[in-house]
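The values are calculated or read from the model by the stated rules, or taken from the named source; none is laboratory data. This one's a predicted model, so the numbers in the text were calculated from it and none came from an experiment. Here Cβ is always computed from backbone atoms with ideal geometry, including for glycine, and neighbour counts include all displayed protein chains. Just the protein is used for accessible areas: all its heavy atoms, side chains included, with ligands, DNA and RNA removed. Shrake-Rupley method; radii C 1.70, N 1.55, O 1.52, S 1.80 Å.
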Amino acid sequence: MAKAIALLLFTCILWTIFLVPSRAQSEFSPQNPVEGQESLQIPFLNLSVQEPQNGSETALALQLLFLLTVLTLSPAILILMTSFLRISIVLSFVQQSLGLQNIPPRQIILGISVFVTIFVMWPVLNQINTAAIQPLAEGKTTLEEAYPNFIDPLRVFMYTQMKEEPRNIQLFMRLANQVEPETLADVPTFVLIPAYVLHELTTAFKMGVLLFVPFVVIDIVVASITMSMGMIMLPPILISLPIKIGLFVLVDGWELLIQQLIMSYGVFR
């Protein structure tokens, strides 16, 4: 359904861009003026490809294309380099372990993950803003000079999370045929990012298993009781679901979960 709506909107946009201006131009052209009215000058959009006059135009076009590509991929890049990955996976595990398929909706889970990520990454974002974004906006530094100030806080954040378990860094350094690093400066960024993603996935799944255990125990106990009482036609999920929700609310599960997620990064110690 969503694809059909998107295709319909895209078709309407193309029709508006290409067909409407051409019809308007033909109907209101100076050769065919409307009786009793002056000819209307309606602008229209014309897409064309022209040869560059010099090399600078080609370089500018390539730079613009590269910038648009980076802006398109920047959300995915920033998601993988922040705490969003672990938080979103753990919250999804909680939803699945409770047996709730669409409560809360997926959009709510992603929204919570975004704002908790902003909270966790706030010291890093503040440092990036002070050292890179503000000087670049004020024209005090160039893009090449601001890049190290932008990427270094993220590198320190990612390396800090893996400092206790550096085996992921060692794995990707070995796969890239690089010498085993001694400090963060010896780890290239193209090695640090996939190592951090693998570490976050592993940590999130470990936390998800620990979250699943108590709820699985409740399901087993309820299923054993219902089977022993001969209630074969009654699905155990109908009884275990309110028990799990009630237990989660009773222990203030959301507060404990978010607190442990934030403390697991050690940013506000």
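On a full-extension model of 0.36 nm per residue, what is the gain between ILE237 and ALA223, subtracting their alpha-carbon distance, rounded to one decimal in nm?
Going from the current span to full extension adds 4.2 nm.
Can you give the net charge of the other residues whose Cβ lies under 14 Å from the Cβ of GLN96, counting K and R as +1 and D and E as -1?
+1
Based on the Cβ-Cβ distance of ILE103 and VAL179, what FRET efficiency does E = 1/(1 + (r/R0)^6) give at R0 = 35 Å, to the nearest 0.05?
0.10
If I ignore ligands, DNA and RNA and count only protein heavy atoms, how much of LYS140 is accessible to a 1.4 Å probe, in Å² to the nearest 10?
150
Sort PHE119, PHE215 by heavy-atom solvent-accessible area, probe 1.4 angstrom, most to least.
Order by accessible area, largest first: PHE119, PHE215.
Only residues of segment 155-179 count here: report those whose backbone N is under 16 Å from the spot 7 Å along Cα→Cβ of THR189, or say none.
The answer is 155-159.
Please compute one quarter of the surface area of the Cα convex hull for segment 141-269 and express it in square nanometres.
12.7
Using modelled amide H (1.01 Å from N, peptide plane; none on Pro or chain starts), what sits under 5 Å from the amide H of VAL267, excluding residues fewer than 5 places away?
The answer is none.
Select from segment 165-267 those GluC sites (Glu not before Pro) which occupy a DSSP coil region and have at most 11 other Cβ atoms within 10 Å, ordered by residue number.
GLU182
Report the accessible area of LEU250, computed with a 1.4 Å probe over the heavy atoms of all protein chains in place, in Å² rounded to the nearest 10.
Rounded to the nearest 10, the figure is 140 Å².
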